[in-house]
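Taking it in order: structure first as C-alpha cells, then the write-up.
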Amino acid sequence: MIADDYMRAGIKMHGTVDPLEIWKADGDPRVAKHILPRGDKSMDYIVLIPRTSGTLAALPALATAWKHSVAVKNFGDGLTAHMIVAAGIR
C-alpha cells in the first residue's frame with residue numbers, strides 16, 4: 001500500500017500494514033530494489049488525499065498505477081483508496 005505522508009501514520013497505527021510514503025515509491029532506490037522491484041506492477045493499493053493527486057506528474061510509477069486503478073473506498077473530503085486492477089499492471 002502506498003499512502004500520503006499524512007495518512008501513513010494513521011493507517012500504520014490502526015492497521016496491519018506498513019504503507020510506503022508516496023515519495024518513496026518513485027524516489028528511494030532501496031524501496032525500488034527491495035520492496036517494489038516491479039515498479040508499478042508491485043503496487044496493490046494507493047490512498048491519497050486530494051492535494052497529493054496533483055503530485056502524480058512527478059511520480060511516474062505511482063502515476064501509472066493510479067491510472068490503472070479503481071476507487072474502492074471513499075472516506076469523504078476527496079480521500080480515496082484505489083486498488084490497482086489493470087491486467088497490464090499486474
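So the values come out like this:
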{"quantity": "Cβ pairs under 7 Å, 6+ apart, first in segment 1-12 and farther than 15 Å from K73 by Cβ and among the charged types (D, E, K, R), second at pLDDT below 80 and surrounded by 13 or more Cβ atoms within 10 Å (Cβ to Cβ)", "calculated": "none"}
{"quantity": "Condition check for K73: at pLDDT 90 or above and in contact with a strand residue (DSSP E or B) (Cβ under 6 Å, 6 or more places away or on another chain)", "calculated": "yes"}
{"quantity": "Residues that are more than 18 Å from A81 (Cβ to Cβ), acidic (D, E) and either buried (at least 18 other Cβ atoms within 10 Å of the Cβ) or touching a Lys or Arg at 6+ places or on another chain (Cβ under 7 Å) (or both), drawn from segment 1-46", "calculated": "D26"}
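The values are calculated or read from the model by the stated rules, or taken from the named source; none is laboratory data. All values reported here derive from a predicted model rather than from experimental measurement. Note: ideal-geometry Cβ built from the backbone for every residue, glycine included; neighbour counts use all protein chains shown.
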